[in-house]
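This report refers to the structure that appears directly beneath it.
The values are calculated or read from the model by the stated rules, or taken from the named source; none is laboratory data. As the structure is a computational prediction, the values presented were derived from the model and not from experiment. Here the Cβ positions follow ideal geometry from the backbone for every residue, glycine too, while neighbour counts run over all protein chains shown.
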């Protein structure tokens, strides 16, 4: 089977936008690679460059170790599945599936169509047209059309994003099983980290056209190379707190402002952390790195009350805070705990979120859409509703965002929030004090530039 590679692939559009910036990837034969990243990071552009639908500004695309930059999409023998299905509405399901074959409907072709349709569970819909099918059935038709001519590679551009959650989970397993059953090299684009982590053999995380990290999903999740990867991966979103490292003769601590994390004496991580004495760091805490523990007095891991030096700060691998909000998910509850620390700004985490200090209604797009005479004419013909105050949506350089009027019952925004999972049977209530133990093996630290501070030797 084919292997796909990109060599310093770059795409700059006519307006100067750098969509893909020097990306080098290698997909071994038969492997399932997922391109993951926020909207606008260049994932789909890479897919189109591999498919031959876009021409690279520089760099190369290789298939079977052959440079295919000048090849047409048809000659590359890859099949692409789009987000919007791209089915022909006037053709039946069978005709849509058969379209890439470009041959008459002989017995062999009809048998192949029935075989593929049965494999995807749409054999009973072959005589129907796409308009009468559900979204999941249409996506199965698109998949059948992609595999019917036995391509060298599958290229899938967010094929499940238009489906509801239940169908997405079902088709995730189907798509993965299909690719592995056929042994086809697959490149899959998504911004959904659940899809990426559950489907991929190899994961490639992108940001603003640049490759951030590649590797098996478990490795990328558990050993992020930089702050962006750590912040982007994780459900709920990784908690980021500002801290400072202080090394004393008998101990090393990470000062979070209202409390400190002290590494146990004799721990192998102490010497490595001491090298960063007085440096500012970002502490990244995922929900699976924390678990609730009994309050002070019942926890043998840390002293009762203030430390011997008279400080009222917590000198252990535990955190304390006030429960700010609880989200019950049925099988578990997510608890937002305000630790009193300072959150890391989006500018440092590079998550490219709107400025939380500015009301979204006051943010304007850098390039407002051009005026369109036909649209303006239609707008004058349609009765306009009274504009809400504040507006229902605000246009920012990051896209359209809903603007909500906070209700009195909404919890206030907390500084230094961390999220912890607890059993749904007896979750704490807002306002309660909670003590959490931190698994030091899952503690993630990053310097001011966002590079990882490794407290263990890098795994081979």
Which numbered condition residue 268 misses (of (1) at pLDDT below 95; (2) under 23 Å from residue 159 (Cα atoms)) | (2)
State whether one or more residues within segment 244-253 are assigned to a loop (DSSP other than H, G, I, E, B) and in contact with a strand residue (DSSP E or B) (Cβ under 6 Å, 6 or more places away or on another chain).
-> no
Could you please find all residues in segment 172-188 being surrounded by fewer than 15 Cβ atoms within 10 Å (Cβ to Cβ) and either outside the structural domain of residue 50 (by TED's automatic domain parsing) or touching a strand residue (DSSP E or B) at 6+ places or on another chain (Cβ under 8 Å) (or both)?
-> 180
Looking at segment 73-85, is at least one residue more than 28 Å from residue 126 (Cα to Cα) and surrounded by fewer than 19 Cβ atoms within 10 Å (Cβ to Cβ)?
-> yes
Boolean, residue 86 is in contact with a helix residue (DSSP H, G or I) (Cβ under 9 Å, 6 or more places away or on another chain) and under 30 Å from residue 129 (Cβ atoms) | yes
